Amino acid sequence: MALADQDQSTPVGPAGLSGSRVVQALLVAAIILTVLRPWLPDGLVRAPEWMLLPWRDWIDTVFQYVTFDLGFINVTRFLSGGLEFVLDAVANILYGRARWPRFEAVPWTVVASIAAVLGYALGGWRLALLTGATFVWAAVVGQWKWTMETLSVVFVAAPLGFLLGGLIGIWCWKSKRVEETVKPLLLVMQVLPFFSYLLPAVIFFKVGPTAATVATMAYSLPPMILMTTIGLKKVSPEVVEAGKMSGCTRWQMLRHVYIPSARSEILVGLNQVIMLCLAMVVLTAAIGMPGLGAKLLEAMGSFKLGRAFEIGVTIVLLAVVLDRLSKAWVVNLPEHFERGTPWWRRNIYLVIGVTLFIVFIGLSLMVSGMKPQPIEDAGFGNWFVGILDEVHRKEAMSQGKVYDRAIKDFLSLDAVTSVTGAIRYFVNVYILIPTERALLFVPTLAVIFAVTALAYRLGGKGPAILGFVFFCIVAQFGYWDRAMLTLHSVFMAVLLAVVLGAPLAIFASRSEKRAKRTILLCDTFQTFPSYVYLLPAIMLFGISPVTVILSILIYTMVPIVRYTLEGLRGVPPELTEAADMSGATRWQKLTQVQFPLAMPTIAVGVNQALVFAFFMVIIAEFIGTRDIGQEMRRTMAGTELGWNFVLGFSVVFMALTFDIAINAWAEKRRKLLGLA
Amino acid sequence: MSDAPVISAHNVWKLFGTDPEGYLAKMPQGRSYSDIQADGYIAGVKDVSVEVAKGEMLVIMGLSGSGKSTLVRCFSRLHEITGGTIEVDGQDIMALNEKQLIEMRRSKMGMVFQSFGLLPHRTVLENIAFPLEMRGQDKHDRRERALEVIKLVGLDGREDYFPRELSGGQQQRVGIARSLAIEPDIWFLDEPFSALDPLIRREMQDEFLRLQAMLNKTIVFITHDFDEALRLADRIAIMKDGAVEQCDTPDKIVLNPATPYVAKFTEEIDKARVVHAGTLARPDLAANGDPIPAGTTIHELARQLVDDDREALPVVSKDGVIIGGLDRRQALDILLGAA
Amino acid sequence: MNFVKSLAVGALALAPVSAFAAAHNSSDPIVIPIHNWSSQIVMSNVVGQMYETMGLNVEFVTTDSQAVYESIRLGDVTLELEVWEGAFGASYRAALAKGGMVDAGAHNAVTREDWWYPSWTADACPGLPSWEALNECADLFKTAETGDKGRYLDGPVDWLKHGKERVDALGMNFTVINAGSAAALWAEIAAAEKDKKPVVVFNWTPNFAEAVWPGAFVEFPEWEDGCDKDPSKGPNPDALYDCGNPADGYLRKVAHKDMTSKWPSAYCVLSNISFNNAQIAEMARLVDVDELEAEDAASEWLGANGSVVQPWIDACA
């Protein structure tokens, strides 16, 4: 803590005031304003009416002008035309959509067996089993076509995101100026509420797979760009010099030295791209993403929890499989063969893959034109070959109804409802509702002062000024109360995530095995479509603030656990050993050695959690909220684009304030600890 | 060794900071390393002048941060120098454009790195053939030449291994082979053996001397290990704070350390094992009887020095010419550690 | 797909396909939007299969039910089969005003969207369905979060239901909470079912929920035209929204403006189409209760109701 005090005294505020003085002054001002609130004129409590500018109309006018009068829409439509062609072709290959190159639908057995061979090639029989089983599951429960529809978009969005992200990443690494421009833009893209993407996406890129691809890419690009830049920056200077001394030209350097050496980081980026693509499968259903996501929403709409659950499982399985495949690819450096190994031995996987392809295509040709028949009529042989070609709806072994019953029975167990009822009562009445009211009571200016003080304490002068400006903008956008409710949910969810997640991470950090399991759990929760557990949450906790916070919590917990774990495990073993030898207890070791060193990493986690929370709080509108999300939903009726963006940017500015301040803190801290 | 120098550096400066050129132009004479540091700049290389003759091995010795690695990177223009001139084969390398620079590296220079700098995704063969590939040689030639060098460094049979599958010593052999693939005239070695175990290091040094005896390259070798420097060098340049403290043959450095800093290194050295008879031979000292070869060390002559009763012993060079007389007393002093 | 098509073809015993092919219909696919409630999905599939029997190309796209109007205007989506007056009236009117979309007439269905309670609530509050009686029972609907007021769960805000205004206008002792989605409404009803906890929520008809949870709409002062614009209408002379919602809201169809020229036969059929409440409820039932997939439900419905749709098609031949 001594360190923190030191660095706080270094920044010098305006008029020569020391940093901590400025913080104190701002906080005192905030408190005075709050205490005096009952006697303050209205104009000091909330931004007065005359201060609110007609942003809505301006945005509408500019949008109209740029899109149609300047013809920007023609540019984007031209691009989406090309994109559509690619999407259609992939869709044709995967599930026989009636487009170029006009193949028939591939039998599921072909896809499943080739996927399994690929799994084997990359990661041995375990991965082969997982990969194969996932596709068999999708076919057997009758979700084959939807799965292929989903994958047809993922298979385009992920490589495109990977390529584009990689290119921008390289550009950022080449030029500091570009990096400085791109970074804040990426952040805005990530925290801009999803509801703000809906309309522009369908207007600019045409509702359907194209808009879905673009929206998915908007969310999956940032980590790819970041990881590429990090990877390229990390290439060992000796390798670079070796390249130069070998007489590489600039292009040869990039192609033969930098990119291969940054392979691990670049592929971690790819992995993130894949995970985010699958996480977006449900949300983008609103703008034309076909397949599993749309079916899941449909199931929810008619309250088929079991069906929704089953679809959710498929999405998670796909995510896990694609994730494992791409990770295996990272680890799997090429192998060498003894000289004289025959061709087929070197390319054994290709040979097996092609063989299986021919076998199953052949089988499916046998049954082409045949109508599906019950096993009694067709005879086992024909029936079986028919199944290998296509699992028809009536033959599918979906257990949706069984799960549905099980889930609903569980949710109505007295033991469950009485506990959740008590939690709901306590948390809502004694915690959330009072804090919410308190936050709404505080005058706008006091909140702005407090936020500025916080930003100052964390990041120093620059972030404080930005925070002040950003919150003033939010205030004069005119949706202050809703903004505060949003902020309230975000804070509570992050706070709760820290309270619950930090101990979990500490527990997990004690052994390799636990850490691995915890990370798997994190991955699963991150990709399991949140919609699936929203409904049970509503049944247990009602449409109330606690449900909203819980739904956000799942997403905020993940980064907190992940980064805390990483931070703790990243502490050099010499240091913990030194602490042990100094006779530190576990607790002393944790508080005196591990946490201080892990803090910069944990801070990144908290920041991630905040960004996720700002994203999810808007999605939580699905439950029913009274914050900005709800108001954004209102803008959807009548397609009020300007209004929508004013609300969207209220969220963006709040999120940016915290992001900038926390990152500045983590950066400073890292330098102080000599970790940078 | 008498031709024009292969590398010749004059008053070379390399400063790190916000505006090194501007600072150097305005900098008054005689600023010390710490004065410069106080001004916000780091002097990586400070007013260094040195020449390397053809076929000579110059060892640059210094502790970490002394600027030795920076200096060698200036020779190959991996670093752009701030002031002074560097000529390679009479060509001012700072005047080369990018294409010419690449051409020079492709045809004339090889470099070996402390942590090997191997490309992890390429096999031994592909790593070694990398410089050839970069200059566009066809695949067949590449392979042939690479196999040649692989044999030279004793890695036969490991062509298809990946760097991670090799030991440290083997990896550095790959690094050496890669640097030799293009048959460079000038060979830079940046602490090539520092990352290796002491036993392997010794073995690699022997190997290196064997190679050099065969190839006779012009070499700039960097080390922080004074023993290594003594063992390998024709001449040693000892660096501190970016500047060369002393540049001379090992014998002379050991006998006459120019500064107290250099003396600190030589103190612990068994001089008898370093100093050669030829160095001590004085032309003005007449001597008779059986001559001793100039290339033997005093240590090697120990028995004779004790047994012989002559005041001075004649020293004969490699080509059989008497170059002077060796003062036996002086040699004995060195042997006994009195000098 | 072949399987489905052949069923539909068989069921309709069609009029010659060539009649439509000759009518210069474009071979581009007609894009039909799919939302997330069953009746709309099945109806879209029914119409899609009708078009396919006419030899037209059809494609479906899943979209948001509000943003879809912008897509219709731009021509990315060709038509929309369920425009609910209450929920989508605003988007529909905005899109019509901006141009690019044409009205293709209404279904022979009345929609009702209003306060609703499951049957067990009536046991606890016998005065129902009268709104005054409901107000008397407000205590029954209290929850921890609403304090001493009753809790009314309204629909998502973009359905523009004005529940809060009505509570104020009629001086009701209720707090209005907005659910975020239809699914959230169902979850609340389902949670209340176990203990027969009295709830009053927003609901509409036709809808699958009627089959799962029997119940009734609360009777508010009857809708008068202008109740949402003229304070003098309705019992409270100083307030808007002091009436129930119209008990006979429309359910319309719309199309992109070029549909009339690009697929004249398809547009002609679209304007003829008119499903009634019972038919729509049946479509929803096939999916929600019988658990069929939408495509199969549509074929099944068409199989049983070929005589309903055939005249609409024939009229355009």
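Worth a mention:
- Qualifying residue in region C:117-130 (condition: modelled with pLDDT of 90 or more, touching a Phe, Trp or Tyr at 6+ places or on another chain (Cβ under 9 Å), away from chain A (no Cβ under 14 Å) and closer than 26 Å to A:R634 by Cα): yes
- The residues in region C:171-189 that are within 10 Å of chain A (Cβ to nearest Cβ) and either surrounded by fewer than 20 Cβ atoms within 10 Å (Cβ to Cβ) or farther than 25 Å from C:L286 by Cα (or both) can be counted, and the count is 4.
- Qualifying residue in region A:570-588 (condition: under 30 Å from A:V281 (Cβ atoms), open to solvent by 30 Å² or more (accessible area, probe 1.4 Å) and part of a helix (DSSP H, G or I)): no
- Only residues that are among the aliphatic types (A, V, I, L, M), out of contact with any Asp or Glu (no Cβ under 8 Å at 6 or more places or on another chain) and within 14 Å of chain A (Cβ to nearest Cβ) were counted across region C:95-110, and they come to 2.
- Residues that are closer than 20 Å to A:A537 by Cα and in contact with a Leu (Cβ under 8 Å, 6 or more places away or on another chain), drawn from region A:422-446: A:R424
- Those helices (runs of 4 or more DSSP H) lying entirely in region A:468-552 with at least 3 residues under 30 Å from C:T175 (Cα atoms): A:480-509, A:530-541
- Filter result for B:P198 (more than 30 Å from B:G90 (Cα to Cα) and surrounded by fewer than 18 Cβ atoms within 10 Å (Cβ to Cβ)): yes
- Counting the residues of region A:227-281 that are among the small types (G, A, S) and within 19 Å of the chain's Cα centre (by Cα) gives 2.
- Looking across A:V178, A:V207, A:V214, one residue alone is part of a helix (DSSP H, G or I) and more than 17 Å from A:I274 (Cα to Cα). It is A:V178.
- Test for B:L211: is it at pLDDT below 90, assigned to a helix (DSSP H, G or I) and open to solvent by less than 20 Å² (accessible area, probe 1.4 Å): yes
- Checking each residue in region A:225-239 for being of a type outside the set (K, R) and touching a residue at least 24 places away in the same chain (Cβ under 8 Å) picks out A:I225, A:L226, A:M227, A:T228, A:T229, A:I230, A:G231, A:L232, A:V235, A:S236.
- The test for being more than 23 Å from C:R93 (Cβ to Cβ), in contact with an Asp or Glu (Cβ under 8 Å, 6 or more places away or on another chain) and open to solvent by less than 40 Å² (accessible area, probe 1.4 Å) does not hold for C:A284.
- Where a residue in region C:112-138 is in contact (Cβ under 8 Å) with a residue 12 or more places away in the chain and its partner, wherever it lies, is basic (K, R), with Cβ under 6 Å and at least six apart: C:W120/C:K196
- B:A281 being modelled with pLDDT under 85 and either open to solvent by 60 Å² or more (accessible area, probe 1.4 Å) or not assigned by TED's automatic domain parsing to the domain that holds B:L71 (or both): no
- Considering each residue of region A:108-115 in turn, at least one proves to be closer than 21 Å to A:Q143 by Cα and open to solvent by 40 Å² or more (accessible area, probe 1.4 Å).
- Any hit, region A:160-171, residues being under 24 Å from C:F60 (Cβ atoms), touching an Asp or Glu at 6+ places or on another chain (Cβ under 9 Å), modelled with pLDDT of 90 or more and open to solvent by 20 Å² or more (accessible area, probe 1.4 Å): no
- Set C:D168, C:D148: member being in contact (Cβ under 8 Å) with a residue 60 or more places away in the chain and either facing chain A (nearest Cβ under 7 Å) or open to solvent by 10 Å² or more (accessible area, probe 1.4 Å) (or both): C:D168
Residue-wise test of (1) within 13 Å of chain A (Cβ to nearest Cβ); (2) of a type outside the set (D, E, K, R).
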{"site": "B:K68", "(1), (2)": "no, no"}
{"site": "B:L71", "(1), (2)": "no, yes"}
{"site": "B:E87", "(1), (2)": "no, no"}
{"site": "B:G90", "(1), (2)": "no, yes"}
{"site": "B:F130", "(1), (2)": "yes, yes"}
{"site": "B:E144", "(1), (2)": "no, no"}
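- Close pairs from region A:494-510: first over 22 Å from A:V548 (Cβ atoms), partner open to solvent by 70 Å² or more (accessible area, probe 1.4 Å) and part of a helix (DSSP H, G or I), Cβ under 8 Å, at least 6 apart: A:F507/A:R514; A:A508/A:R514; A:A508/A:R517; A:S509/A:R569
- Candidates in region C:221-243 are the residues that are acidic (D, E) and over 23 Å from the mean Cα position of the chain (by Cα); of these, the one that is surrounded by the fewest Cβ atoms within 10 Å (Cβ to Cβ) is C:D238.
- Helices (runs of 4 or more DSSP H) within region B:4-122 that include 2 or more residues within 17 Å of A:G243 (Cα to Cα): B:68-75, B:98-108
- Within region B:161-195, the set of residues being within 19 Å of B:D234 (Cα to Cα) and open to solvent by 30 Å² or more (accessible area, probe 1.4 Å) comprises B:D185 only.
Here's the yes/no breakdown for (1) among the polar types (S, T, N, Q); (2) over 30 Å from A:F468 (Cβ atoms); (3) not assigned by TED's automatic domain parsing to the domain that holds A:M484:
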residue: A:I31; (1), (2), (3): no, no, yes
residue: A:L36; (1), (2), (3): no, no, yes
residue: A:W50; (1), (2), (3): no, no, yes
residue: A:R56; (1), (2), (3): no, no, yes
residue: A:F63; (1), (2), (3): no, no, yes
residue: A:D69; (1), (2), (3): no, yes, yes
residue: A:S80; (1), (2), (3): yes, yes, yes
residue: A:W100; (1), (2), (3): no, yes, yes
residue: A:A116; (1), (2), (3): no, yes, yes
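- Each residue in region A:300-324 was checked for being in a helix (DSSP H, G or I) and open to solvent by 10 Å² or more (accessible area, probe 1.4 Å), and 9 of them qualify.
- Any chance A:I230 is in contact with an Asp or Glu (Cβ under 7 Å, 6 or more places away or on another chain), surrounded by fewer than 22 Cβ atoms within 10 Å (Cβ to Cβ) and assigned to a helix (DSSP H, G or I): yes
- Some residue of region A:367-378 being modelled with pLDDT of 75 or more and surrounded by 14 or more Cβ atoms within 10 Å (Cβ to Cβ): no
- In region B:157-212, of all residues being within 30 Å of B:V6 (Cβ to Cβ) and among the small types (G, A, S), the one that is farthest from the other protein chains (Cβ to nearest Cβ) corresponds to B:G169.
- Residues of region A:400-445 classified as over 30 Å from A:T34 (Cα atoms) and either part of a helix (DSSP H, G or I) or open to solvent by 80 Å² or more (accessible area, probe 1.4 Å) (or both), total: 23
- Enumerated helices (runs of 4 or more DSSP H) restricted to region A:593-673, each holding at least 3 residues that are among the β-branched types (V, I, T) and open to solvent by 10 Å² or more (accessible area, probe 1.4 Å): A:595-619
The values are calculated or read from the model by the stated rules, or taken from the named source; none is laboratory data. Just so we're clear, the structure is a prediction, and the values are computed from it rather than from any experiment. FYI the Cβ positions are ideal-geometry reconstructions off the backbone, even for glycines, and counts take in every protein chain you see. Heads up: the accessible areas ignore ligands, DNA and RNA and are worked out on the full protein's heavy atoms, side chains in. Shrake-Rupley method; radii C 1.70, N 1.55, O 1.52, S 1.80 Å.
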